[in-house]
Amino acid sequence: MDKKDILREPIEHIDIKAFDSTRIIDSMRGMSFTARDTARAADILNKMIEDKDCTIMLCIAGSTSAGGCMQVYVDLVRHNM
């Protein structure tokens, strides 16, 4: 398989507004490693959003935007998250 074959399909960016991920993230609380960390991160983010005096900074790796997360970042900024 050539590189051009691998890159033939465009990357589809996820739309975080298209579904409610609450149940799956909540279910991750009892799992291990990164799954548990994801649930904990969601809790921290919710507390940050609720705290009107909190300054939220977003630090990301550039490769994640090319990997399909660009719309996530747009929505986070647009909705002051």
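From the residues in segment 1-30 that are in contact (Cβ under 8 Å) with a residue 40 or more places away in the chain and among the charged types (D, E, K, R), which one is nearest to Gly67 (Cα to Cα)? Spell out how you get there, then give the answer.
As a first pass, look at segment 1-30 and keep what is in contact (Cβ under 8 Å) with a residue 40 or more places away in the chain: 11-17.
Those left that are additionally among the charged types (D, E, K, R): 12, 15, 17.
Values: Glu12: 8, Asp15: 13, Lys17: 18 Å.
So the residue we want is Glu12.
When you go through Met81, Met57, Met28 one by one, which is the residue that is in contact with a Ser or Thr (Cβ under 9 Å, 6 or more places away or on another chain) and on the phi < 0 side of the Ramachandran plot? Write out each step before concluding.
Numbers: Met81 fails: in contact with a Ser or Thr (Cβ under 9 Å, 6 or more places away or on another chain); Met57 fails: in contact with a Ser or Thr (Cβ under 9 Å, 6 or more places away or on another chain).
Sole residue among the options that is in contact with a Ser or Thr (Cβ under 9 Å, 6 or more places away or on another chain) and on the phi < 0 side of the Ramachandran plot: Met28.
Considering only residues in segment 45-81 that are modelled with pLDDT of 85 or more and of a type in the set (S, T, N, Q), the one that is surrounded by the most Cβ atoms within 10 Å (Cβ to Cβ) turns out to be Gln71.
So that you can scan it fast, the table gives a plain yes or no per residue for (1) among the hydroxyl-bearing types (Ser, Thr, Tyr); (2) within 17 Å of the chain's Cα centre (by Cα):
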| site | (1), (2) |
| --- | --- |
| Glu12 | no, yes |
| Ser27 | yes, yes |
| Ala41 | no, yes |
| Lys52 | no, no |
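The values are calculated or read from the model by the stated rules, or taken from the named source; none is laboratory data. Predicted, not measured: the structure shown is a model, and the values here were computed from it. As a convention, Cβ positions derive from the backbone with ideal geometry for all residues, glycine included, and neighbour counts pool all protein chains shown.
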